[in-house]
Amino acid sequence: MKSETDGPAALLIFFRQEGVPLSIIRDNSKMQTSKLWKDYCRNYWVKDRFIEPYHSNQNPAEQMISPQKEKLSRLMIQSGCEPQAWFRAACHVAVINNHTANSSIEYRTPLEVRDGETPDISSLVEHEFWDLVYFQDPTASFLSQGGNERLGRWLGRASDYGDKMAYFILDLDTQQMLVRSMVRSARHTDRPKQ
């Protein structure tokens, strides 16, 4: 969201992607008391639950923000990524968190609790955030110099694209973010000599 006025639209996106919750715990912010927000909650039968004013500790989501920010900061320092990559880094931290067992939910992952099955972590173990990777360029001629691969940075899983092995890649030549599934590490493998 770029501003609080985007809140109701973000709520509908959440409903579409994750499903409609039974209730939402909120703090009576202006965004959450707007007519449009209330209409969406009423239309989808979402129960309102409120925290006590000036007691953000009563909101479970607020309790998770600080650890997530710390993990994001650590990832950005360890990976050496550019500051412009912060959003993809934050998304990657959230994906890792959702695939990690948690003692507060009986050592199950949040995705397992939500979906009823243990999530596959294969797409998260081969590359690290901001790793140099070679990715397939489907527009390049196979016989062109360097073959049909280009160099990029791995930015995490592309959950809404292709299969579970599709990734966001930053093309180092064009500085465009692409989605590719044909990816290999540039750190552990060399390109053939030209």
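Observations, loosely collected:
- For the chain, the membrane-span-like helix rule (DSSP H, alpha carbon extent of at least 27 Å along the helix axis, mean Kyte-Doolittle at least -1.0) picks out 60-79; this says nothing about an actual membrane.
- Cα-Cα over 28 Å, subset of Lys2/Lys47; Lys30/Lys164; Lys30/Lys69; Lys38/Lys71; Lys38/Lys164; Lys69/Lys164: Lys30/Lys164; Lys38/Lys71; Lys38/Lys164
- Loop sites in the range 54-142: chymotrypsin sites (Phe, Trp or Tyr not before Pro), DSSP, at most 16 other Cβ within 10 Å: Tyr54, Tyr107, Phe142
- For Lys47, the shell of other residues with beta-carbons less than 13 Å away shows a net charge of +3, using +1 for Lys and Arg and -1 for Asp and Glu.
- With contacts taken as Cα pairs under 8 Å at a separation of at least 6 residues, the range 4-58 carries a relative contact order of 40 percent.
- In this calculation the C-beta distance from Ser181 to Ile65 is compared with R0 = 30 Å, giving a FRET efficiency of 0.40.
- Compared with the direct C-alpha span, the chain from Phe14 to Ile51 gains 11.2 nm at full extension, assuming 0.36 nm per residue.
- FRET efficiency, Asn97 to Thr174 (Cβ-Cβ, R0 25 Å, nearest 0.05): 0.20
- Take the Cα of Ser104, step 7 Å toward its Cβ, do the same at Tyr44, and the gap between the two points is 2.2 nm.
- Counting only Cβ charges, +1 for Lys and Arg and -1 for Asp and Glu, the dipole size of the chain around its Cα centre is about 280 debye.
- Top positive-direction residue, dipole computed over the range 91-191 with Cβ charges, set Thr139, Ala101, Gly156: Thr139
No lab work stands behind these numbers, since they all come straight from the coordinates. Remember, predicted model here, so these are calculated numbers, not experimental data. Methodologically, a virtual Cβ is constructed for each residue, glycine included, from the backbone with ideal geometry; neighbour enumeration extends over all protein chains shown.
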